[in-house]
Structures are given as structure tokens and as C-alpha cells.
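What follows is one structure encoded as C-alpha cells, with my remarks underneath.
We did not get these values from a lab; they are worked out from the coordinates using the rules stated. As the structure is a prediction and not an experimental result, all values here were calculated from the model. Note that each Cβ is placed from the backbone with ideal geometry, even for glycine, and that neighbours are counted across all protein chains shown.
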Amino acid sequence: MAQVTAQASRSIAAPADKVFAALADYATTRPKILTESYHDYRVESGGHGAGSRVAWKLQATKSRVRDQVVEVSEPAAHQLVESDANSSMVTVWTVAADGDRSTVTVDTSWNGAGGIGGFFERTFAPRGLARIHDGVLEKLDAVVSQ
């Protein structure tokens, strides 16, 4: 199995503390910034940053839906790590200060399938997931730039 990765990044017109607080708010802000690719979103425990446990269905394609139960940690300042209890998928959100702006980068990786299915996964999944992340970043920008 090969490691598969997807990445997206966006410059946002808001300070890093404000952007990170919005990202870490799984109870109120996160549901507002998720795209139509996310279904059945719920907070199972916590709701703000490290120690939170949230769940959703991620509709990656018409036929590919992942049931995710995500444990949240904060290993560094302005960084959230979402580890899926149902798979090897890990998503890292990093917010970097850039004056009165911020750069948000989201990196997702997982152990891909082998064989011909794995080839297609490594070829197409990163672009599809990056598009999903771009949509979330766009909505995050709209929420924190108000």
C-alpha cells in the first residue's frame, strides 16, 4: 500500500488566532464551513479543539462514501490533527500568521489500496479531496473575514 496525500492552501484576510479559533470550533463554526460533500455531521464529545471527537460521512465521489469518526489533537500551536478512527486517514490543519492575514494549509494522507484500484486512487483521489478542501477553505475565509 502506498501513502496517498492531498493538499490545499489558502491565504485568508484574518489574523491567525481568529482563523485557528474558527477551525477549532467543531460545535458552531465547523458545520457552517463544511461543503455538500459532508453529511450527518455530529459532535460526539468536546467540540472545541483537542480532545474533541466528531463524526461525518465524507462523500468523496458519487459512489465513495467514508464514515469518519475523528479524534482531534493539537500537537503544535495553530495546528489541528484529525485522526480517523475508522481508517488510516489523517488530516492536518495548519494556520500560519502572515501579518494581519493567515495562510491555512490542509494536508490529508492515508494508506492507499494496492493493485489497479490503488493506481486510480493515487491518480484521482488527491485532486478530488483537494477540491473538497478548497471549498471548506473558501467558506472558512467567508466566515472569518466578516
Point to revise | Amide proton proximity set for Gly47, modelled H, under 5 Å, gap of 5+ | key: Ser52, Arg53
Review point. Where a ≥ b ≥ c are the square roots of the eigenvalues of the C-alpha gyration tensor, would you call region 25-74 rounded, which needs a/c under 1.5, or, failing that, prolate if a/b is larger than b/c, or oblate?
Key: prolate
Study note, to complete from the structure: In nm, the gap between the two label points placed 7 Å beyond Cα toward Cβ at Glu44 and Ala77 is 3.2
Practice item. Provide the gained length on full extension for the span Asp134 to Ser11, in nm with one decimal, where the gain is 0.36 nm per separating residue minus the Cα-Cα distance. Key: 43.2 nm
Practice item. Averaging over all projection directions, find the projected area of the Cα convex hull of region 3-144 and quote it in nm² with one decimal place. Key: 7.9
**Study point:** Val69-Gln146 pseudo-label distance in nm [points 7 Å out on the Cα-to-Cβ vector]
**Key:** 3.3
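Per residue of the chain, what 222 nm ellipticity follows from adding -39500 (n - 2.57) for every DSSP H run with n ≥ 4, rounded to the nearest 500?
Only helices count here, giving -10000 deg cm²/dmol.
Neighbouring Cβ atoms within 10 Å as the yardstick, rank Arg66, Arg10 fewest first. It would help to have the intermediate numbers written out before the result.
On the way: Arg66 14, Arg10 17.
Result, fewest neighbours first: Arg66, Arg10.
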